[in-house]
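Read through the structure below, which is laid out as C-alpha cells, and then see the notes.
Read-outs throughout are calculated quantities, based only on the coordinates presented, and are distinct from any laboratory measurement. Here the structure is a predicted model, which is why all the values come from computation and not from measurement. We place every Cβ from the backbone using ideal geometry, glycine too, and count neighbours over all the protein chains shown.
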Amino acid sequence: MSRLERLRAPCQWGPGRRIALGAATFWPPAYFVFFVGFVIVSFFAQKAVDDEKPLEVAFGVIFVLHGLTILLGFALLGLYAFDVFRNPRLQSDHRILWVLLVALVGFLSMPVYWVLYLRPGLATADGPPASGG
C-alpha cells in the first residue's frame, strides 16, 4: 500500500477535523468581503485624514492576510481535489463537475461542496454519521 493510498480523505475525517476544514473553507469568501469593504473604507478615509501612517500599517496587515489567504486557497484546492476523487458518495460524472468547479471558482464552490458532502453529521465513507446524528 502506497503512502497516497493510506492518506485519509476529508470525507473520512471525524467531526472535529471537518469543522476545522469548514472554518478554513469559509475564510476566503469572508476575507474577500472584508477586503472589498476595507478598500472602500480606506478610499474614503484617505480623503478625510491627512496622516497616512494608520493606512500604511493597515495595508501591511492586509498584505500579510492576503498572502496567507492565497496560500490557504492553494492548500484547500489540493485537499478538495483529493477528496473529490476519494469520496464514494460522488458519481463519476459528478467528480468531473466538482473538480472543474473547485479548480475554476474554488472559493465559491468549496463552501458548497463542504456543506453538501463534508459537514459533520453526514455519513462518512466508512459508515454511520460522523457526529452520531
Legend entry - Debye-sum result for segment 17-118 in log10 I(q)/I(0), which assumes one identical scatterer on each alpha carbon, at q = 0.14, 0.15, 0.20 Å⁻¹: -0.62, -0.67, -0.96
Inset, instruction - Tell me the label-point distance for the pair residue 46, residue 7, using the 7 Å Cα-to-Cβ offset, in nm and rounded to one decimal. - result: 4.2 nm
Legend entry - Net +/- balance of residues flanking residue 23 in space, Cβ distance below 15 Å, scoring K and R +1, D and E -1: +3
